[in-house]
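Engineer: The structure is given below, and queries will be raised subsequently.
The values are calculated or read from the model by the stated rules, or taken from the named source; none is laboratory data. Everything numeric here is computed off the predicted structure, so don't read it as measured data. As a convention, Cβ positions derive from the backbone with ideal geometry for all residues, glycine included, and neighbour counts pool all protein chains shown. The area values use the complete protein model at the heavy-atom level, side chains included, leaving out ligands, DNA and RNA. Shrake-Rupley method; radii C 1.70, N 1.55, O 1.52, S 1.80 Å.
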Amino acid sequence: MACGNVQLAVSERFKNKNEEMTEKTTWIKLLFWGKSAEFAQKSLKKGDLIAVEAKYTTREFNDKEGKKCYAHEFVVDEFQNTCSYVKRPTEVS
């Protein structure tokens, strides 16, 4: 069975306490299995906008030193590449 993962960047822009515009990016691990993994590998490229339907999961594991760690991931059920639906700046009238 095919599998794969990607890191999804979720950025938010806001004014900090000094009223300066700040950008914060959170990285989210997406796991793909089966046909979704095959399609993602063939169709997605860096910078694509995607819509995702997924289940949130947490895994527990021990690192090299034996310390307990947790991995927070989203297992993708369905996704859609939305790039074709987004107007490019040159298309805006």
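Engineer: Scan region 49-61 residue by residue and report those that are among the polar types (S, T, N, Q) and either in contact (Cβ under 8 Å) with a residue 60 or more places away in the chain or open to solvent by 70 Å² or more (accessible area, probe 1.4 Å) (or both). Let's see the steps before the verdict.
Structural biologist: Kept after step one, since they are among the polar types (S, T, N, Q), are these residues of region 49-61: 57-58.
Passing the criteria: only T58.
Engineer: Could you give me the residue pairs with C-beta distances under 6 Å whose first residue belongs to region 64-91 and is over 12 Å from A54 (Cβ atoms), whose second residue is among the basic types (K, R) and modelled with pLDDT of 85 or more wherever it lies, and which are 6+ apart or on separate chains?
Structural biologist: What qualifies is A71/R59.
Engineer: Now a separate question. Only one of (1) on the phi < 0 side of the Ramachandran plot; (2) outside any strand (DSSP E or B); (3) over 18 Å from the mean Cα position of the chain (by Cα) is not met by F61, so which one is it?
Structural biologist: F61 satisfies all of (1) on the phi < 0 side of the Ramachandran plot; (2) outside any strand (DSSP E or B); (3) over 18 Å from the mean Cα position of the chain (by Cα) except (2).
Engineer: With respect to D77, is the statement that it is under 18 Å from G4 (Cβ atoms), of a type in the set (D, E) and part of a loop (DSSP other than H, G, I, E, B) true?
Structural biologist: Working: under 18 Å from G4 (Cβ atoms): yes; of a type in the set (D, E): yes; part of a loop (DSSP other than H, G, I, E, B): no.
Considered against the rule, which asks whether it is under 18 Å from G4 (Cβ atoms), of a type in the set (D, E) and part of a loop (DSSP other than H, G, I, E, B), D77 comes out as no.
Engineer: Take K46 and tell me if it is open to solvent by less than 100 Å² (accessible area, probe 1.4 Å) and under 12 Å from the mean Cα position of the chain (by Cα). Full working, then the answer.
Structural biologist: On the way: open to solvent by less than 100 Å² (accessible area, probe 1.4 Å): no; under 12 Å from the mean Cα position of the chain (by Cα): yes.
Answer is no for this residue.
Engineer: Condition test on F32, is it in contact with a Cys (Cβ under 7 Å, 6 or more places away or on another chain) and surrounded by 12 or more Cβ atoms within 10 Å (Cβ to Cβ)?
Structural biologist: Yes: the conditions hold for F32.
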